[in-house]
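Colleague: Sharing a structure, written as structure tokens. Questions coming.
Throughout, read-outs are computed from the coordinates displayed, never taken from laboratory work. Just so you know, these numbers come straight off a predicted model, no measurement behind them. Neighbour counts run over all protein chains shown; Cβ positions are idealised from the backbone, glycine included.
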Amino acid sequence: MVRISKEWQTPLLLILLLVVVALLGSLTAPAMQRTITEALVKLTVVIGLYVFVGNSGVFSFGHVAFMALGGYVSALLTILPAKKHVALKLPMFLEAAQLPGPAAMAIAIVVAGLIALAVGLPFTRLKGIALPMATFALLVIVYVVALNWTAVTGGRQALVGLPRYTNLWVALGAAAIALFVAAAYGRTRHGLALRCSRESEVAAAATGIDVARERLIAFVLSAMIVAMGGVLFAHFLGTMTANTFYLDLTFVTLTMLVVGGMRSLTGAVAGVAVVSIVSELFRSIERGVDLGGFTLEAPPGLQEIALALVLLAILVTRPHGLVGDWELTWSALRRKENKGA
């Protein structure tokens, strides 16, 4: 009988759960399939956040910048050359380029990783609140550049014409890859060392752990996973705008991580599920819900208020998130079954 280690049980069980959700979702209306696809794409981003934030205990407000970088790089490599010639002013080699989706994604992930390495070298040496604020500064810089670099990004005009290849199964595959990468990193000595620094940075440094180096490794890996999510999100929407990858998406993805529990992969999945359900529920109320001749309708902005209230409620009642550092394993399921019996 093949025994699967506890560390690998969690990603396998979570992927199995996601496959069931995707199979059920494939039987629903197209609108619901798009909602589930979007949630799976955001799950990839939240898992990327978990790799750095969950393992280091240091918040990052700038990872959505890597989503934007991944999305723009992939867009420039996949849009038809004729459309790029009309809308942008690119170098000839970039204007003529039209790569398949997987090749463009690979290049986008590498570019995001290199940029993360460049900015992470000084960032990860910062102490206290300085590191989170530096990541927020990165988000602002990328947003402002994307908003005003008309020749390359289209500026305030939407960059259109992206191939829309992100469907339910592509998003599921990306989320599964992200889960395995995050689990594999957690088993390495680098993941263990970073979690040690999360508990006590002083004690970790005293035992010989190079905290800055371990944070840098996680920061780069995290940025690459988030960039993959950004590529998928861009090709899900079919357009690229700077406003899409800014404060709203930063707030939503961080809320997903915190609500579920930022110290576990199970928490990342739980947070995405809860926030996606709440968002869809209140988005429907904003559009108007027919209740037997009576229409329940709410003013715009209710969705954001609801998410903020959910976040506050979780922080007050369960400061470590819904599941804390608990992970889904066979033994954990058996214990719950025994308690239920």
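Colleague: I need the peptides 246-257, 300-311 ranked by packing, meaning the mean over residues of other C-beta atoms within 10 angstrom, with the highest value on top.
Modeller: Answer by packing, highest mean first, reads 246-257, 300-311.
Colleague: Where is the GNM fluctuation largest for the chain (alpha-carbon springs, 10 angstrom cutoff): Ala204, Ala175, Ala75?
Modeller: Among Ala204, Ala175, Ala75, the largest mean-square fluctuation in the Gaussian network model of the chain belongs to Ala204.
Colleague: Still on this structure, I have one more. Using +1 at the Cβ of each Lys and Arg and -1 at the Cβ of each Asp and Glu in the chain, identify which of Gly154, Leu172, Ala183 lies farthest towards the dipole's positive end.
Modeller: Ala183
Colleague: Taking the chain as a Gaussian network, Cα atoms linked when under 10 Å apart, which of Ser200, Ser331, Ser276 shows the biggest mean-square fluctuation?
Modeller: Maximum among the listed residues: Ser331.
Colleague: Additional query: Suppose each label sits 7 Å from its Cα in the direction of the beta carbon; what would the Ala203-His85 distance come out to in nanometres?
Modeller: Each label point is offset 7 Å from its Cα along the Cβ direction, giving 6.5 nm.
Colleague: Further, regarding this structure: Sorting check: for 56-65, 111-120, 92-101, which peptide has the highest mean count of neighbouring beta carbons within 10 Å, and how do the rest follow?
Modeller: Result, highest mean first: 56-65, 111-120, 92-101.
Colleague: Also, quick follow-up: Report, in debye and to the nearest 20, how large the dipole of the stretch 164-291 comes out about its Cα centre when Lys and Arg carry +1 and Asp and Glu carry -1 on their Cβ.
Modeller: That gives the stretch 164-291 a dipole magnitude of about 340 debye.
Colleague: Determine the calculated [θ] at 222 nm for the chain from helices alone, applying -39500 (n - 2.57) to every DSSP H run no shorter than 4 residues and normalising by the residue count; nearest 500 deg cm²/dmol.
Modeller: -23000 deg cm²/dmol
Colleague: Give the calculated FRET efficiency between Ser331 and Ser26 to the nearest 0.05, with a Förster radius of 30 Å applied to their Cβ-Cβ distance.
Modeller: 0.45
Colleague: Taking 0.36 nm per residue of separation and subtracting the Cα-Cα distance, what length does fully extending Ile285 through Leu99 add?
Modeller: 62.9 nm
Colleague: Sticking with this structure for a sec: Enumerate the calculated ³J(HN,Hα) couplings along the stretch 198-207 in order (Karplus 6.51 cos²θ - 1.76 cosθ + 1.60, θ = phi - 60°), each rounded to whole Hz, writing x wherever the residue is Gly or Pro.
Modeller: For the stretch 198-207, the Karplus-derived couplings read 5, 6, 7, 5, 5, 5, 5, 5, 5, 8 Hz, x marking Gly and Pro.
Colleague: Compare the Cα positions of Leu17, Met105, Phe59 along the charge dipole of the stretch 1-142 (+1 at Cβ of Lys, Arg; -1 at Cβ of Asp, Glu; about the Cα centre) and return the one farthest towards the positive end.
Modeller: The listed residue farthest towards the positive side: Phe59.
Colleague: Continuing with this model, one more query. Given the C-alpha centroids of the stretch 193-214 and the stretch 93-117, what is the distance between them in whole angstrom?
Modeller: So the two Cα centres are separated by 33 Å.
Colleague: Let me ask another. With charges set only on the Cβ (+1 for Lys and Arg, -1 for Asp and Glu), what does the dipole of the chain come to about its Cα centre, in debye to the nearest 20?
Modeller: Result for the chain is approximately 600 debye, rounded to the nearest 20.
Colleague: Kindly list the residues of the stretch 199-234 that lie in the label zone of Arg125, defined by a backbone N under 15 Å from the point 7 Å along the Cα-to-C-beta vector.
Modeller: Only 210-217 pass the distance filter.
Colleague: Let me ask you something else. How large is ³J(HN,Hα) for each residue in the stretch 54-59, as worked out from phi by the Karplus curve 6.51 cos²θ - 1.76 cosθ + 1.60 (θ = phi - 60°), to whole Hz, x for Gly and Pro?
Modeller: With coefficients 6.51, -1.76 and 1.60, one gets x, 7, 9, x, 10, 6 Hz.
Colleague: Separate question: Using mean Cβ contacts within 10 Å as the protection proxy, how do 124-130, 82-88, 178-184, 67-73 order, highest first?
Modeller: Going by the mean number of other Cβ atoms within 10 Å, highest first, we get 67-73, 178-184, 82-88, 124-130.
Colleague: While we're on this one: Tell me, in nm to one decimal, what length is gained between Thr150 and Leu114 on full extension, where the rule is 0.36 nm per residue of separation less the Cα-Cα distance?
Modeller: Extra length available between Thr150 and Leu114 comes to 10.6 nm.
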